[in-house]
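Contents: one structure, followed by commentary.
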Amino acid sequence: MFGDAKESCGVIALSASHKSIQVSKYAFDGLVALQHRGQESAGIYVYNGKSIKGYKGLGLVSEAFPANTLSRLIGNVAIGHVRYSTTSKSNLENAQPYHFTSTYANFALAFNGTISNFLSLRRELEEKGHVFTSDSDTEVIARLLAANLLEVEDYMDALTLTMRQLEGAYSMVLLTDSGEIYAVRDPLGFKPLCLGTISQKEIYVVASETAAIDTLGGEFESDILPGEIVRVSEGEVTRKKAVTLERHARCMFEFVYFSRPDSVFDGIPIHMARERLGRILYRLHPADAELVVPVPDSGRSAATGYSEESGIPIAEGLMKNRYVWRTFIMPLQSYRENQVRLKFNPVKSVVDGRDIVLIDDSIVRSTTIKQIVYMLKKAGAKKVHVRISCPPIIAACYMGIDFPTRRELVAANYTVEEICRFIGADSLGYMSIDGLIEGIGLPENELCLACLNGKYPIENIDVTLLEKTLGGGRR
Ligand code: SF4
């Protein structure tokens, strides 16, 4: 039942100081900028001065909102969400934002992450009489917050209480029925969340990535800090550090793959980090090749670094069809295999007769890289040396990035030599964990590396229970 509920997503929130400013179009454009974080559903909820109204639809942002939908979402405050699920079940029931209404609370919530203690929290809430209508952990957060609102004065205090009960990764935005927005980032800071302004601070914007603020023509103001709550109301910003921890656990996969290269995550420009990883990758695993070929788009920055460090020219030997969904976030294996062929095509004139070094960001199941190596060789590449800017992924993620179980993770089950043979490469070299830390440029105790070393940063995480409840074969 609960296996349908896990996700990693993108969120946006906007608050204009004047009621005449309609923000739903900004929310829409911001979600388009965050489209890479989720492509299965999208939703926008607005506050129109009296009540909260919203619309959610399946598919890409452009598909989810039919013509004229936005013009009916009138209001100067809004939150939005893009989602991908972990199973084939992409339904509106689990789409966000989640709108909670009762006699004592009325708010909409959008969140990115995974609550690792959601099962026990859900049971406690059920014992108190809460009746759940979905299997999502978003509803657990919403009902927990609603329960806490009965105990304390206001949303700031209720969110503080809620943060102390939640375990896991969550960057979330909240829209209240008095037109306030709140942005909350978990104390370990797994996911990015940042604050910006548009039109000389006429509009405040909170987004999963800085690239969304740039897209809206805005100015980056600050990151929402791990453990921080930020309230924006009628042009006023209030900040509260609700929980302070000695260590943090920024998801290394945001730096390696998930975030856009034009985003900056907690002060680290993603493109620069990936370029550094490419340089380190060359020093760890040099290759005797004539060309460096990136797997577009996420391997491009690392390939630039590899090329600069090695002196081997970089060339676009693979083209990408931009209108095909990202393979990692496609929910079904059968879809994924077809999509790789639809998505990539080698440039024969570039690779024919050449020894190439192919740079990709990560290998999860190996579906994609195996087919790409095959296609490159079919197009005439003499040798294909594969270099990966992320270390081997050997453990599941319970914090919001939906890797498969260990059974499906190729590096958890085979040696590098075996994987190399399986994908048909002439050589294979992975980034080391030390190299990854150096390339990202943050100390180890500021990062989550759990899928690389099995050390989960959340205390008391019940891996066995989570494996069972997330569905042994999730994705
Ligand atoms: S386990 Fe891996 S993918 Fe999951 S949050 Fe940690 S670093 Fe990110």
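The values are calculated or read from the model by the stated rules, or taken from the named source; none is laboratory data. What you are looking at is a predicted structure, and each value in this text was computed from that prediction instead of being measured. Here Cβ is always computed from backbone atoms with ideal geometry, including for glycine, and neighbour counts include all displayed protein chains. These area figures cover heavy atoms from the full protein model, side chains too; ligands, DNA and RNA do not enter into them. Shrake-Rupley method; radii C 1.70, N 1.55, O 1.52, S 1.80 Å.
Worth pointing out:
- Subset of region 393-424 (residues that are away from the ligand (no atom under 12 Å from the Cβ), in contact (Cβ under 8 Å) with a residue 12 or more places away in the chain, part of a loop (DSSP other than H, G, I, E, B) and open to solvent by 20 Å² or more (accessible area, probe 1.4 Å)): G424
- Residues that are within 11 Å of the ligand (Cβ to nearest atom) and part of a strand (DSSP E or B), drawn from region 425-459: L447, C448
- Note on region 123-144: residues that are of a type outside the set (A, V, I, L, M, F, W, C), part of a helix (DSSP H, G or I) and within 19 Å of A95 (Cα to Cα) amount to 4.
- Every listed requirement among (1) farther than 21 Å from Y204 by Cβ; (2) without any contact (Cβ under 8 Å) to a residue 40 or more places away in the chain; (3) not small (G, A, S) is met by N48 save one, (1).
- Leading residue by the ranking (farthest from the ligand (Cβ to nearest atom)) among those in region 239-248 that are assigned to a loop (DSSP other than H, G, I, E, B) and in contact with an Asp or Glu (Cβ under 8 Å, 6 or more places away or on another chain): A242
Residue-by-condition table, conditions (1) at pLDDT below 95; (2) within 22 Å of L31 (Cα to Cα); (3) assigned by TED's automatic domain parsing to the domain that holds L195:
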position	(1), (2), (3)
E234	yes, no, yes
K241	no, no, yes
V256	no, yes, no
D262	no, yes, no
F265	no, yes, no
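- Residue in region 373-392 that is within 16 Å of the ligand (Cβ to nearest atom) and open to solvent by 10 Å² or more (accessible area, probe 1.4 Å) present: yes
- Positions within region 250-270 being crowded, with 19+ Cβ neighbours inside 10 Å and in contact with a Ser or Thr (Cβ under 7 Å, 6 or more places away or on another chain), in sequence order: V256, Y257, S263, V264, F265, I270
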